[in-house]
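Worksheet: one structure, shown below.
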Amino acid sequence: LLVLAAHAAMAMHGLPLMRHFGVSELPAAPFYSDIAVDAQGTLYAGSREGVMVFHSGVWELFELPHRAAVYTLLAASDGRLYVGGSGVFGQLQREPDGSLRFIDLLPRFRDGGGAPLPPPAGFYGLLETPRGIQANDGSLLYVLRPDGRVTRQPLPEGTGQPLFVVDGVLHARVAGRGVCRIDDDGVTPLPDTGVFGAMRIAGMWAHEGG
């Protein structure tokens with residue numbers, strides 16, 4: 001695991017900007033889907049076996065329910081840590097004794113009749129915008145609103161992974177349509193982006209003039 005920690009240098013006091021951990025030093029198999037660093041400087045790395053946690057110079061493995069694989073992590077602006085993976089979507093909370101506790105957020109989402117939703121195959125792409133904390137299962141966007149509400153929004157067929165936040169708004173590449181803005185008004189294709197509909201996009205940034 002090679003950690004480029006420039007974005008977290010202020011949080012990870014005393015650590016070099018680059019540090020290498022060999023397989024023998026890690027508590028899980030070498031598969032690193034995502035990383036996040038909280039305000040206390042604790043590093044979290046997703047793996048097929050759960051969340052690898054590097055705290056006070058020591059690695060440990062935190063297993064999720066059903067030993068679910070982790071696909072996405074997010075250290076949110078409010079200090080909470082969110083995790084998504086194989087059939088799981090939740091929050092990791094640090095307890096007073098220093099242990100971690102998993103809080104399952106999926107039961108908060110209900111179908112039109114108020115019944116619990118069956119867990120999807122996986123949750124991906126945890127992102128934060130003013131709209132809230134957002135994750136997707138490939139066909140639906142799950143949103144935890146700042147006011148405590150939860151909502152779901154269909155994603156158009158052909159939505160590619162990953163999704164991106166640009167100027168505080170979610171965007172995605174949609175096959176056959178190009179780059180689209182996704183917000184409470186729905187899905188809006190951006191002008192003159194159709195050429196990107198057949199491409200895999202690795203990054204997206206705001207440009208002067210929009």
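The values are calculated or read from the model by the stated rules, or taken from the named source; none is laboratory data. Remember, predicted model here, so these are calculated numbers, not experimental data. Positions of Cβ are backbone-derived with ideal geometry, glycine not excepted, and every protein chain shown enters the neighbour counts. Surface areas here come from the heavy atoms of the whole protein model, side chains and all, with no ligands, DNA or RNA. Shrake-Rupley method; radii C 1.70, N 1.55, O 1.52, S 1.80 Å.
If packing is taken as the mean number of other Cβ atoms within 10 Å per residue, what is the order of 48-55, 192-199, highest first?
On the way: 48-55: 20.9, 192-199: 13.0.
Highest-to-lowest ranking by the protection proxy: 48-55, 192-199.
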Rank Gly148, Gly122, Ala202 by how far each Cα sits towards the positive end of the charge dipole of the chain (+1 on Lys, Arg Cβ; -1 on Asp, Glu Cβ) and give me just the farthest. Gly122
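Per the Cauchy relation, a quarter of the hull surface: what is the mean projected area of the convex hull of the alpha carbons in the range 106-159, in nm²?
Values: hull surface 16.1 nm².
Averaged projected hull area, Cα only: 4.0 nm².
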Using the Cα atoms as the points, what is the convex hull volume per residue of the range 81-129 in Å³? 105 Å³
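Per residue, how much accessible area does the range 57-132 show when a 1.4 Å probe rolls over the protein heavy atoms, in square angstrom? Mind showing how you got there, number by number?
Numbers: 3790 Å² over 76 residues.
For the range 57-132, the per-residue accessible area is 50 Å².
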With only alpha-carbon pairs counted, each pair once and no self-pairs, how large is the Kirkwood hydrodynamic radius of the range 137-191 in angstroms? 11.7 Å
With no solvent and one point per C-alpha, what does the Debye sum give as log10 I(q)/I(0) for the chain at q = 0.09, 0.11, 0.17 Å⁻¹? -0.38, -0.57, -1.25
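Nearest 20 debye, what's the magnitude of the dipole of the chain about its Cα centre given +1 on Lys and Arg Cβ and -1 on Asp and Glu Cβ? Please report the intermediate quantities before stating the final value.
Details: 16 positive and 21 negative charges, 50 e Å.
The dipole of the chain has a size of about 240 debye.
Could you tell me what percent of the accessible area of the chain is made up of carbon and sulfur, with a 1.4 Å probe and every protein chain present? Before the final figure, lay out each step's value.
Working: 6070 of 11180 Å².
Roughly 54 percent of what the probe reaches on the chain is carbon or sulfur.
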For the range 59-165, treating each Cα as an identical point scatterer without solvent, what Debye log10 I(q)/I(0) comes out at q = 0.18, 0.23 1/Å? -0.91, -1.44
Pick out which of Arg152, Arg108, Arg19 has the largest mean-square fluctuation in a Gaussian network model of the chain, springs linking Cα atoms closer than 10 Å. Arg19
